[in-house]
Amino acid sequence: TQLLEQSPQFLSIQEGENLTVYCNSSSVFSSLQWYRQEPGEGPVLLVTVVTGGEVKKLKRLTFQFGDARKDSSLHITAAQPGDTGLYLCAAKTSYDKVIFGPGTSLSVIP
Amino acid sequence: GAVVSQHPSWVICKSGTSVKIECRSLDFQATTMFWYRQFPKQSLMLMATSNEGSKATYEQGVEKDKFLINHASLTLSTLTVTSAHPEDSSFYICSASSGDEQFFGPGTRLTVL
């Protein structure tokens, strides 16, 4: 059983479109993280959300942490081909272990 | 941010041989490092937690005798895949903790023929 669920699993959109990726759990977390990973590379941290209801913006990316701190969303405005990659949500569990959701594979077509 | 390196970046070996992968924190000391495995089109799965000077803690289903972890110093952890088989072919990624943040290495692609 996955501690973190993500949807959609795959997403293919045209350049310029908007999209939202979701991360859900039945557990409450003190924080959630979003990573982006390109093929053959390690994941790169995009943002950490800590406070329930928190919204963080990173250029065209908007991250939201649910009020109950069980879910999070990532919204990309006017997607570009450079946004293509695997988007992973992650959370810390006991002993500072970071566990990952199954990921959303995004493909932005020029 | 802090930098974590892995060596080698890719390795091809014959079935039955052992392969050692190194994970180094370059500009900070890490008392804890983590090893992940990632199969194609899947997410990262935590294999084990490596603690400096003590035995590693393995996740359920990960064979500790097959995946030997040594964390001899505060900047180096090694993962040895013993008697590798084709099903061990995967992308192995390490991470190191610095305070509240974790930094990930670039990964090592292992292909077992």
Residue, modelled with the highest pLDDT, within the range B:52-63, restricted to residues that are more than 9 Å from chain A (Cβ to nearest Cβ), more than 19 Å from B:SER89 (Cβ to Cβ) and surrounded by 14 or more Cβ atoms within 10 Å (Cβ to Cβ): B:TYR58
Some residue of the range A:66-80 being in a strand (DSSP E or B), of a type in the set (A, V, I, L, M, F, W, C) and more than 14 Å from chain B (Cβ to nearest Cβ): yes
Residue match in the range B:66-83 (condition: in a loop (DSSP other than H, G, I, E, B), more than 14 Å from chain A (Cβ to nearest Cβ) and crowded, with 17+ Cβ neighbours inside 10 Å): yes
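To keep it simple, each residue is scored yes or no on (1) polar (S, T, N, Q); (2) modelled with pLDDT under 95; (3) part of a loop (DSSP other than H, G, I, E, B); (4) surrounded by 12 or more Cβ atoms within 10 Å (Cβ to Cβ).
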| position | (1), (2), (3), (4) |
| --- | --- |
| A:SER30 | yes, yes, yes, no |
| A:LEU45 | no, yes, no, yes |
| A:THR48 | yes, yes, no, yes |
| A:GLN64 | yes, no, no, yes |
Qualifying residue in the range B:22-40 (condition: exposed (fewer than 12 other Cβ atoms within 10 Å of the Cβ) and within 11 Å of another protein chain (Cβ to nearest Cβ)): yes
Among (1) more than 25 Å from A:GLY103 (Cβ to Cβ); (2) in contact (Cβ under 8 Å) with a residue 24 or more places away in the chain; (3) of a type in the set (Ser, Thr, Tyr) - the single one B:TYR36 does not satisfy: (1)
Only one of B:THR80, B:THR49 that is in contact with a strand residue (DSSP E or B) (Cβ under 8 Å, 6 or more places away or on another chain), of a type outside the set (Lys, Arg) and over 30 Å from A:VAL50 (Cα atoms): B:THR80
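Here's a check for you: in the range B:58-88, which residue that is small (Gly, Ala, Ser) and more than 13 Å from the chain's Cα centre (by Cα) is nearest to B:THR31 (Cα to Cα)? Reasoning before the result, please.
To start, the set of residues in the range B:58-88 that are small (Gly, Ala, Ser) comprises B:61, B:72-73, B:77, B:83-84.
Adding the requirement that they be more than 13 Å from the chain's Cα centre (by Cα) leaves B:61, B:72-73, B:83-84.
Details: B:GLY61: 24, B:ALA72: 10, B:SER73: 8, B:SER83: 28, B:ALA84: 28 Å.
Ranking the candidates gives B:SER73 first.
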The one condition in (1) more than 8 Å from chain A (Cβ to nearest Cβ); (2) buried (at least 21 other Cβ atoms within 10 Å of the Cβ); (3) assigned to a strand (DSSP E or B) that B:GLN102 fails to fulfil: (1)
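Residue-wise test of (1) within 23 Å of B:PRO40 (Cβ to Cβ); (2) free of Cβ contacts under 8 Å to residues at least 60 places away in the same chain; (3) hydrophobic (A, V, I, L, M, F, W, C).
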| residue | (1), (2), (3) |
| --- | --- |
| B:ASP65 | no, yes, no |
| B:LEU74 | no, yes, yes |
| B:VAL81 | yes, no, yes |
| B:ILE93 | yes, no, yes |
| B:ALA96 | no, no, yes |
| B:GLY99 | no, yes, no |
| B:THR108 | yes, no, no |
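The values are calculated or read from the model by the stated rules, or taken from the named source; none is laboratory data. The shown structure was predicted, so the numbers you read here are calculated from the model rather than taken from an experiment. Glycine gets a Cβ as well: all are built from the backbone with ideal geometry, and neighbour counts include every protein chain shown.
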